[in-house]
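Quick note: the coordinates plus some simple rules give every number you see, no bench work behind them. Nothing here was measured: the structure is a model prediction, and the numbers come from that model. Cβ sites come from the backbone with ideal geometry, for glycine too, and all protein chains shown count toward neighbours.
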2 protein chains.
Amino acid sequence: MMSSETYTVSGMTCGHCVGTVKTEVGKISGVTAVDVDLATGKVTVTANEPVEEARVRDAVEEAGYELTSA
Amino acid sequence: MMSSETYTVSGMTCGHCVGTVKTEVGKISGVTAVDVDLATGKVTVTANEPVEEARVRDAVEEAGYELTSA
């Protein structure tokens with residue numbers, strides 16, 4: 001089963017920030033794709049199983065940014 | 001002889017950008033230190049010999065930013 005959720009992340013200012021978020025969120029078990037729109041801060045996480053929001057939040061914070069809405 | 005010159009670079013938005021500029025400018029022959037103030041865009045290049053502005057400009061562009069004044 002594929003699962004896809006979109007979150008909003010604040011604090012990303014450039015392509016490096018996007019790359020950092022993609023890397024950290026991509027480490028979550030089951031995640032197969034992470035798409036980021038820098039202009040809007042929207043981060044779409046696709047996985048082969050549902051991913052707990054807390055795991056996404058932790059990964060985003062590990063990258064140095066803030067998950068502002070789910 | 002130590003040489004120190006300060007340039008202004010536009011386009012840096014975060015710490016990753018600062019790191020990229022430091023890395024690229026730091027590769028220039030003779031450069032011993034690169035200090036960057038993200039808020040102002042000021043990049044101070046210290047070297048053990050005078051560094052041509054063109055070399056700094058090339059390094060800044062290689063990093064993906066623009067040298068706007070020397």
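Listed values, structure above:
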quantity	calculated
Hits in segment A:1-22 (condition: more than 13 Å from every other protein chain (Cβ to nearest Cβ), aliphatic (A, V, I, L, M) and touching a Ser or Thr at 6+ places or on another chain (Cβ under 9 Å))	A:2, A:9
Cβ-Cβ under 7 Å pairs, at least 6 apart or on other chains, segment A:1-28 side in contact (Cβ under 8 Å) with a residue 60 or more places away in the chain, far side charged (D, E, K, R)	A:8/A:42
Scope segment A:51-70; condition in a loop (DSSP other than H, G, I, E, B) and surrounded by fewer than 17 Cβ atoms within 10 Å (Cβ to Cβ); matching residues	A:52, A:64, A:70
Lone unmet requirement of (1) under 23 Å from residue A:13 (Cβ atoms); (2) touching an Asp or Glu at 6+ places or on another chain (Cβ under 7 Å); (3) in contact (Cβ under 8 Å) with a residue 40 or more places away in the chain; (4) of a type in the set (A, V, I, L, M, F, W, C) for residue B:67	(2)
Matching residues, segment A:23-50, being surrounded by fewer than 19 Cβ atoms within 10 Å (Cβ to Cβ), within 14 Å of chain B (Cβ to nearest Cβ) and assigned to a helix (DSSP H, G or I)	A:23
Top-ranked residue in segment A:1-22 [being among the hydrophobic types (A, V, I, L, M, F, W, C) and assigned to a helix (DSSP H, G or I); ranked as surrounded by the most Cβ atoms within 10 Å (Cβ to Cβ)]	A:21
